[in-house]
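Trainee: Got a structure here, written out as structure tokens. Questions coming.
Where a number appears in this text, it was derived from the coordinates with a stated rule and is not lab data. Predicted, not measured: the structure shown is a model, and the values here were computed from it. Positions of Cβ are backbone-derived with ideal geometry, glycine not excepted, and every protein chain shown enters the neighbour counts.
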Amino acid sequence: MTGHSSGAAAAILYEQVVKGKVTDSKGEPLPGVSILVRDSQTGTTTDKNGNYSLDVKSANAMLVFSFIGYQSQMVPVGNRSVIDITMEEDVATLQEVVVTALGIKREQRSLGYAVSEVKMDSLAKANDPSFMNSLAGKVPGLIITQSTGGLGGASHVTIRGNTSISGDNQPLYVIDGVPIQNTSQGDTGGGKFAGSDGNSHDMGDVMSSLNPDDIESISVLKGPSAAALYGSLASHGVIMITMKKSAKRAVEIEFNSTMTIERQATNFENTQRIYGQGLNGQLPQDPTEAQMTIFQGWGPRLDPNVRVMGFDGVERPYVATGNGLADFLQTGKSYTNSLTLSQRLNKSSFRLAYTNLTAKDIIPTAGMNRHSFNLGSTTQINDRLSVDSRIIYNYETVKNRPALGDAVDNIAKSFFGLAANLSPTVFSENYKTADGSYVEWGGGRYNYNPYWVINEMSNNSLRTRLFGGLTVNYDFAKYFNLRLMGSRDENNMDFEKYSPVSSPNALLGELDQTTRKITTTQADLMLSFDKEITKSLRLTTRVGANYYQNTNGGFLNTFSRMTVTDVISPNSFSDKSINHFYLKRVKNSFYGILALSYRDYLYLDATIRRDASSTLPVENNTYTYPSLSGSFVFSDAFNLQNIISFGKLRASAAEVGSDTDPYMLGLAYSLYPFTFNGQTPGSINATVIPNRALVPTRTRSFETGLELKFLKNRLGLDFTYYTQRSRDQINTVPAPQSSGFARQIVNVGTISNRGYELALNGQILAETKLKWNASFNIARNINEVESLAEGLPFLELATARWLGVSVVAKPGESYASIMGYSYKRDPQGNIVLDPATRRAVQSDQKEVLGKGIFDWTGGLTNSFSYRNFNLSFGLDFRLGAQLFSMTNLYHIARGNDNSTLEGRDEWIQSEKDREAAGMTAAQWLAAGNQRGFVPQGVIRTVDAEGNETFTPNTQAISPSSYWSGHVIDGQGVAEPFIYDASYVKVRDISLAYRLNRKLVTPIGLNDVIISLVARNPLILYKNVPNIDPESNVSRGNGRGIEYGSLPQRRGFGVSLKVKF
């Protein structure tokens, strides 16, 4: 009895209450942390402020602190009554759970296909207003081409190449499990005069207006296996976006502010500054000749003692002046400010964010203002029922978006070829008369004076977007869950473009208005069953149904013949053309998922989906596609942790289908604007023969991969090999002339992709004050066209204005092959010259001269941390594509490139000597006195017996005659203007400093970070002179042609982040 009484007394002696607070590495409280007394049933969790209180029975007790995503800690109690803990993030654990199809969170170890997840915190350091640009070079196989279309422009995105020959190849975007219709609005198109029809402005898309500060993470689902559950919408991959929810603390206020200044990222580095305006070594003598030669740099040597007549009749010094387009552009500025309020209660939480972006572009008079509101909430109504909701509202105005491509008001196209003695500022002085009429400056009806464009013309756009989504989860029985999702996404776009009276192509004035409303309504119902059948086997099944409806409607209006010139309004025009359009697409779907896991190291998934589409014929509009995937964590199966931290093999196979655009199955009709015998006649209003036998396009894929981690997960490797093949492509192809139609829509063509991806990441320095994290990825993709319709040699994707160059889909060749005429060569490979002109002779037939898609893509990211400092930067590289540059073609043909200098002095002096001798050009040549540029090549002669002889050329000709002769409509040698488009760019740099908490806490702040940021600061390597190698005339499939491209923007700024 005595012993028992003594033991009881000892227990009472050591019993005490231990209290404390648990925070993360930033000092923020962590609610919900589990605290257990080791080897007992005693435990508790932290409250919303991170506080806890626990009764401990022994001074020898050990407290175990654990929380998902953080490293567990074991702490002895001793005689302490207060124990505060700071928990460190477990990087390896954080990366194990990713968001997959239908918004389902899965352990990454269980997936049989490649999924790349990127935390937005690691991307947002450079604070790019377009979050997609931040992903460039970060994910293997993801190719992002930034827009040169100015503020609010859309990026072009593809995943693992192109799977559609002529359709849209961009991926599906999903926000919090809800698919989003990311319709791009405005583009130059890919035609010969792309953009000249007025459809020349990049007006962005939905994703371009999404606020990066509201995004938590991004998951990229690459193959059809990953995306099969989204059906035909996801046939080109999926980008899953998870929005931020409430903060970990009870109440948190956050303020972010970024200010950047921006300049053009590229300049014309190969411009000659020796010869000026003129032709054949002669100066213009009057305003008419001056207008005709503003783009011709074939005049005499520049001389400060000479004055030259201008386009406006004003004489100016004949000296090198200005820096071309750079003198016209200005320093851009952008300001982004956001304020966020989040609150976490016992059973509910919310996050409300407001962001304002105000920007002034490098194009004078161009600017943007965007307001974004984002509200997300979560409510746990009871133990079984929870509700998540999100509302997003954007209001965006953009003034004077720049025109692109071959548009007459493309300022880059107008200014890039000015002669060396002409600065753009010259044309700001007299671009209009006293009564406000347009003054011809030398660009004719194809190139407007840019100062007329920015000062007299105008365009304005207004975009609003309202998105609402609701998700209800109900655990109605043990192992069973019912999820109901509903959403509505409404996008409105109004665009107005005004051309004043006397504009060369709108002499009587014109007003173009586009009003577009895109609405997407969706509902999804999913029933899930999840149970551990045995200790070794877990079964998860899901079945669901989805309803999808998308409408796209509005007006395309043109008003002309302006009668009231002081008011810009439709009522000011006498002629009106009103055109209404409306497209509707409906899709009903059913899907199922079966997932098995064995001992948490062997996983098997099977899915099936059945779609019924309104855009296909009734007899073919229902189609089914399956997927099968599996993964094997062999490091766990064979207990290899002493050798490698983690090892997994994965494999998957899948098929997805896709439909076509609405209303491709029947003819459209229109009425004439008059009556006949009391009736209004009509006619077929279509150029494409419909096809009521269309079947869905099918894409079949297979991939396999290996994941390895070493040194306690500090180093990681992920390798993937994949192949996919798309058949029954739905394309519009040329129709027989006898049909009366230009084109017909048919199922023709097969396109394939195959390649491999490698991603490496590591904590190179982790145990010292200096920490260094790095990641590297590289991808190789082979994108080929296997077949087209019988008798169809190729399908044009884009066409250049000059030299007959086109980007095509050609069987047996790479997708987006660049076709044109090459040099004709002798058997030894020498260039054959025309004996009369001494210019290069083109090949007999068009040839494939390159391709517009890259062989290799990748990136490198580094992050260094030392105490409160962090330095990070990212590189993006692409190798193996080509680019036909009409900008450089004109730069050379007009005599403004350094490559045109050879032989000029000799030719000018030769002409002076000829005139002094009183001889004609033919006599001078016959006498062997002609000097100038000697083209490199051979002259072909054929004797009477048909034998060829090739003789090296020694005859000199006029440099201007040789180089200007390259510009030919529909033919001509394109080979010298095909460039290697490879590049290496520094995409972003950030240097951040976190203020010491001892300084900020006393003034009521929780965290303060100040950063210096840079976007697109450097191009480390490129082979295309004068322009950015990312430039393309179109954002569509016709990659590989460039003309009149505006430079990308290079930004430097400062950022402030404050948490209260």
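Trainee: Sequence gap at least 6, Cα distance under 8 Å: using those rules, report the relative contact order of the chain to the nearest whole percent.
Mentor: On the way: 2993 pairs, mean separation 117.7, N = 1060.
Relative contact order comes out at 11 percent.
Trainee: Further question on the same structure: Using 29 Å as the Cα-Cα cut-off, could you pick out the over-long pairs in Lys587/Lys810; Lys19/Lys712; Lys245/Lys478? Don't jump to the answer; show the numbers that get you there.
Mentor: Values: Lys587/Lys810 33 Å; Lys19/Lys712 33 Å; Lys245/Lys478 27 Å.
In this structure, Lys587/Lys810; Lys19/Lys712 exceed 29 Å between Cα atoms.
Trainee: Going by the alpha-carbon gyration tensor, a ≥ b ≥ c the square roots of its eigenvalues, is the chain rounded (a/c under 1.5) or, if a/c is not under 1.5, prolate (a/b greater than b/c) versus oblate?
Mentor: Details: a/c = 1.94, a/b = 1.77, b/c = 1.09.
Prolate.
Trainee: Provide the net charge surrounding Val967, with neighbours chosen by a C-beta distance below 10 Å and charges set as Lys +1, Arg +1, Asp -1, Glu -1. Present the calculation step by step, with values, prior to reporting the outcome.
Mentor: Working: positive: Arg801, Arg894; negative: Asp969.
Result for the neighbourhood of Val967: +1.
Trainee: Here is a follow-up. Once a ≥ b ≥ c are taken as the square roots of the eigenvalues of the Cα gyration tensor of region 813-967, is the result rounded (a/c under 1.5), prolate (a/b larger than b/c) or oblate (a/b not larger than b/c)?
Mentor: Oblate shape, in that a/c is at least 1.5 and b/c is the bigger or equal ratio.
Trainee: Which whole-Hz ³J(HN,Hα) couplings does region 382-395 yield from phi under the Karplus relation 6.51 cos²θ - 1.76 cosθ + 1.60, θ = phi - 60°, glycine and proline marked x?
Mentor: 8, 5, 10, 10, 9, 9, 10, 9, 8, 10, 10, 9, 10, 9
Trainee: Run through the DSSP bridge list for the chain and note the antiparallel percent, rounded to the nearest 5.
Mentor: On the way: 380 of 395 bridges.
Taking every DSSP beta bridge with both residues in the chain, the antiparallel ones total about 95 percent.
Trainee: Give the residue list of GluC sites (Glu not before Pro) in region 784-856 that are DSSP loop and have at most 11 other beta-carbon atoms within 10 angstrom.
Mentor: Values: sites: Glu784, Glu786, Glu790, Glu796, Glu813, Glu847; in loops: Glu790, Glu813.
Those that pass, being in a loop and sparsely packed, are Glu790.
Trainee: Under 24 Å between alpha carbons, and skipping anything fewer than 8 positions from Lys432 in its own chain: which lysines qualify?
Mentor: Lys399, Lys413, Lys497
Trainee: In terms of the Cα gyration tensor, with a ≥ b ≥ c the square roots of its eigenvalues, is region 439-487 rounded because a/c is under 1.5, prolate because a/b exceeds b/c, or oblate? Kindly include the intermediate steps, with their values, before the conclusion.
Mentor: On the way: a/c = 11.10, a/b = 5.60, b/c = 1.98.
Taking the square roots of the gyration eigenvalues as a ≥ b ≥ c, region 439-487 is prolate.
Trainee: Setting aside same-chain residues fewer than 8 positions from Lys21, which lysines have a Cα under 22 Å from its Cα?
Mentor: List returned: Lys48, Lys57, Lys248, Lys347, Lys998, Lys1059.
Trainee: How far is the Cα center of region 219-289 from the Cα center of region 355-414, in Å?
Mentor: 14 Å
Trainee: Give the peptides 280-292, 405-417 in descending order of average Cβ contacts within 10 Å, highest first. Walk me through the intermediate numbers first.
Mentor: Values: 280-292: 16.8, 405-417: 26.3.
Descending mean neighbour count gives 405-417, 280-292.
Trainee: Next question. Fully extended, how many nm does the chain gain between Asp980 and Val586 (0.36 nm per residue separation, minus their Cα-Cα distance)?
Mentor: Details: separation 394, 0.36 × 394 = 141.84 nm, distance 4.36 nm.
This chain segment gains 137.5 nm when fully extended.
Trainee: Here's another thing I want to ask about it. What order, most packed first, do the peptides 359-365, 738-744 have when packing is the mean number of other Cβ atoms within 10 Å of each residue? Mind showing how you got there, number by number?
Mentor: Numbers: 359-365: 21.1, 738-744: 12.9.
Per-residue mean Cβ counts within 10 Å order the peptides as 359-365, 738-744.
Trainee: What percent does the relative contact order of region 794-862 come to when contacts are Cα pairs within less than 8 Å and at least six residues apart?
Mentor: Details: 111 pairs, mean separation 18.1, N = 69.
Across region 794-862, relative contact order equals 26 percent.
Trainee: Which angle between 0 and 90 degrees, to the nearest 10, do you get for helix 2-14 versus the longest principal axis of the chain when only C-alpha atoms count?
Mentor: On a 0 to 90 degree scale, this one is about 30.
Trainee: Ok, one more. With a cut-off of 8 Å between alpha carbons and a minimum separation of six or more residues, what is the relative contact order of region 371-454 in percent?
Mentor: Values: 91 pairs, mean separation 20.4, N = 84.
Taking the mean separation of contacting Cα pairs over the length of region 371-454, I get 24 percent.
Trainee: Next up: Can you tell me which of 682-693, 423-434 comes out highest on packing, and rank the rest after it, using the mean Cβ neighbours within 10 Å? The partial results should precede the final answer.
Mentor: Values: 682-693: 13.1, 423-434: 16.4.
Ranking the peptides 682-693, 423-434 by packing returns 423-434, 682-693.
Trainee: Helix 904-917 against the longest principal axis of the chain: what's the angle in degrees, Cα atoms only, rounded to the nearest 10?
Mentor: Orientation of helix 904-917: about 10 degrees from the principal axis.
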